[in-house]
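**Student:** Quick one: this structure, given as structure tokens, is what I'll be asking you about.
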Amino acid sequence: MENNLNWAGNYRYGATELLVPETLEQVQEMVARGSRMRVLGTRHSFNGIADSAESLLSLQKLNQVTELDRVNNTVTVEAGIRYGELCSYLHENGYALHNLASLPHITVAGAIATATHGSGDRNGNLATAVHALEIVRADGETAVFSRDQQDGDFDGAVVGLGGLGAVTKITLDVIPAFQMRQHVYENLPLSQLRERAEAIFSSGYSVSLFTDWTSASMNQVWLKQACTETASSADGAAEAGPDFYGAALATAKLHPVPGHAPDNCSEQLGIPGPWYERMPHFRMDFTPSAGEELQSEYFVPRRHAYEALRAIEQLRERIAPLLYISEVRTIAADKLWMSMCYEQDAVAIHFTWKPYWEAVRQLLPAIEEQLAPFQAKPHWAKLFTMEPDRVKSLYAKLPDFKRLLLQCDPNGKFRNAFLDTYVM
Ligand SMILES: Cc1cc2nc3c(=O)[nH]c(=O)nc-3n(C[C@H](O)[C@H](O)[C@H](O)COP(=O)(O)OP(=O)(O)OC[C@H]3O[C@@H](n4cnc5c(N)ncnc54)[C@H](O)[C@@H]3O)c2cc1C
């Protein structure tokens, strides 16, 4: 493989070839012929989850919208499409997705495979929008998993960790397009989350708290509201109160990382705009080809949000020097077996680290120990040091998922070292 690094440059793929099919038939033929393979999305995962001992398959040339169903409110896409490409199409046609991650440059297939999420107390992760999947299984034959089927395996197939086969088509639920506004507040005292976490996280369509752990407060609150939720002034900008639980309304655009220029951030200051230009934190037209950062993230039951943050705060002197920024978001419970939010409303505590892996690797066990009483689950696509048996113990449906993997791929063509370690 010519470029064998992931987006962050911290992981070198061990695969020896990258195959780029242009049709479904070519995917089927390549899969049937290969002996060990995985599908690669846009390489935004920080660990070896996408790697393969032999071949990687990129579906970058299979990235079209194939159907917009205005009766059932679904859109069907080829699996190589990125959210950025899909969102503008949907908006032009009067539709929206219920939620988005912090950046629009990732593939839909890659995002749902790892239960990628945005924020919102009533929003499930991005995989919860999946209505159906077409998968090319290890033998080269296609199979469809749909929410309309009654066998129950659909909930196991959606967050498939890339192990069931090559997802070639995805049908997603869509909702009517809407306008959003975003306001930023500065310095929310952490103590406010003790009594008011629920009110804070439900105060907008999507709420993110950012902290660098240098003080006992959240540096910023990013409050994203659907325009119907907010009153607007004559110039269209939303009227926002000057105070948010002790945090002060920002009067200039801000980047979440202190000292960074906000140019590449999505519009703030209450200026209305389409849903897909406000839900991500970063602009569609700003596409970093590589990143100089590492990421980790842990999911705990939402009722423990304050205690979990306080537990991490104990380590703040070790965390702060290695950190760009932490982000705290909420995600609604779902039914997807391998989702970090399976049957549990969650709060996700995220760390964007400076690229000092050795030091971060030594710190992660301490963070994981602090969060252990809350049964914290690591994000599948980010960096963690938790023991494999501990990870496995956190997923009640793991035995069913293993059965499904073996059913779709009896000889382990789509398994890799990551799945062998943390799932099998
Ligand atoms: C800057 C940055 C910001 C991020 N922000 C967020 C965020 O806000 N929220 C969040 O939850 N995560 C976030 N992530 C993590 C990211 O969403 C996940 O790593 C996601 O899986 C990346 O998608 P990808 O297209 O790059 O897939 P890859 O990283 O290339 O692959 C991920 C997995 O998907 C599988 N896969 C991909 N395509 C297919 C397919 N067609 N069929 C079968 N399997 C497939 C791969 O085999 C692999 O297992 C972020 C990552 C970065 C680098």
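The values are calculated or read from the model by the stated rules, or taken from the named source; none is laboratory data. Just so we're clear, the structure is a prediction, and the values are computed from it rather than from any experiment. Ideal geometry is used to build each Cβ from the backbone, glycine not excepted, and the neighbour counts take in all protein chains shown. Just the protein is used for accessible areas: all its heavy atoms, side chains included, with ligands, DNA and RNA removed. Shrake-Rupley method; radii C 1.70, N 1.55, O 1.52, S 1.80 Å.
**Student:** Give me log10 I(q)/I(0) at q = 0.20, 0.25 Å⁻¹ for segment 279-367, Debye formula, one equal scatterer per alpha-carbon, no solvent.
**Tutor:** For the requested q values the scattering log ratios are -1.05, -1.21.
**Student:** Which pairs break 26 Å Cα to Cα here: 382/402; 61/402; 377/402; 61/354?
**Tutor:** Correct reply: 61/402; 61/354.
**Student:** Any idea what the alpha-carbon Rg over 2.2 N^0.38 Å comes to for segment 355-424?
**Tutor:** 1.28
**Student:** Same structure, new question: Show that you can apply the helix-only estimate: for the chain, add -39,500 (n - 2.57) for every DSSP H stretch of four or more residues, divide by all residues, and state [θ] at 222 nm to the nearest 500.
**Tutor:** Estimated from H runs of four or more residues: -6000 deg cm²/dmol.
**Student:** Next question. In nm², what is the average projected area of the convex hull enclosing the Cα atoms of segment 28-67?
**Tutor:** 3.7 nm²
**Student:** Below 8 Å between Cα atoms, with a sequence gap of 6+, how large is the relative contact order for segment 65-176 in percent?
**Tutor:** Here the relative contact order equals 32 percent.
**Student:** What is the sum of charges, Lys and Arg at +1 and Asp and Glu at -1, for the other residues whose Cβ falls under 15 Å from the Cβ of residue 194?
**Tutor:** Local charge sum for residue 194: 0.
**Student:** How large is the accessible surface per residue of the chain, computed with a 1.4 Å probe and reported in Å² as a whole number?
**Tutor:** Per-residue value: 39 Å².
**Student:** Kindly give the semi-axes, whole Å and largest first, of the ellipsoid equivalent to segment 265-424, taking each as the square root of 5 times a Cα gyration tensor eigenvalue.
**Tutor:** 28, 22, 18
**Student:** Still on this structure, please answer the following. Once the Cα gyration tensor of segment 113-245 is diagonalised, what are the square roots of 5 times its eigenvalues, in whole Å and ordered largest first, as equivalent ellipsoid semi-axes?
**Tutor:** 39, 19, 12
**Student:** Could you work out how much longer the chain between residue 359 and residue 88 gets when fully extended? Use 0.36 nm per residue separation minus the Cα distance between them, nm to one decimal.
**Tutor:** 93.5 nm
**Student:** Placing one identical point scatterer on every Cα of segment 65-176 and ignoring solvent, what is log10 I(q)/I(0) from the Debye formula at q = 0.10, 0.13, 0.23 Å⁻¹?
**Tutor:** Values returned for q = 0.10, 0.13, 0.23 Å⁻¹ are -0.26, -0.44, -1.42.
**Student:** Which residue, 32, 109, 261, tops the fluctuation ranking in a GNM of the chain built on C-alpha contacts under 10 Å?
**Tutor:** Greatest mean-square fluctuation among the candidates belongs to 261.
**Student:** Report the label-to-label distance for residue 23 and residue 248 in nanometres (one decimal), using points 7 Å from each Cα along the Cα→Cβ vector.
**Tutor:** Calculated label separation equals 6.4 nm.
**Student:** On to the next question. Find the centroid of the Cα atoms in segment 54-125 and in segment 359-422, then give the distance between the two in whole Å.
**Tutor:** Answer, in whole Å: 25.
**Student:** Evaluate the Kirkwood expression for the hydrodynamic radius of segment 1-129, namely the inverse of the mean inverse distance over all pairs of different C-alpha atoms, and round to one decimal in Å.
**Tutor:** Its Kirkwood hydrodynamic radius stands at 15.8 Å.
**Student:** Below 15 angstrom from the Cβ of residue 388, what's the summed charge of the other residues (Lys, Arg +1; Asp, Glu -1)?
**Tutor:** Residues close to residue 388 contribute a combined charge of +1.
**Student:** If you take the beta carbon distance between residue 390 and residue 303 as r and set R0 to 22 Å, what does 1/(1 + (r/R0)^6) give as a FRET efficiency, to the nearest 0.05?
**Tutor:** Efficiency, rounded to the nearest 0.05: 0.55.
**Student:** Return the sequence-ordered ³J(HN,Hα) values of segment 395-410 in whole Hz as given by the Karplus equation 6.51 cos²θ - 1.76 cosθ + 1.60 applied to θ = phi - 60°, using x for Gly and Pro.
**Tutor:** 10, 4, 9, 4, x, 5, 5, 4, 4, 5, 4, 5, 5, 7, 9, x
**Student:** Please compute the Cα-Cα pair-distance distribution of the chain with 20 Å bins starting at 0, giving whole percents from short to long.
**Tutor:** Here the calculated profile for the chain is 27, 59, 13, 0.
**Student:** Summarise the long-distance tail of P(r) for segment 179-278 by giving the % of C-alpha pairs beyond 18 Å.
**Tutor:** Considering segment 179-278, 44 percent of its Cα-Cα pairs are separated by more than 18 Å.
**Student:** Could you work out the relative contact order of the chain? I mean the mean sequence separation of Cα pairs under 8 Å and 6+ apart, divided by the number of residues, in percent.
**Tutor:** 18 percent
**Student:** Have a look at 391, 27, 71 and tell me which one the Gaussian network model of the chain (Cα, springs below 10 Å) gives the largest fluctuation.
**Tutor:** Sorting by GNM fluctuation, first place goes to 71.
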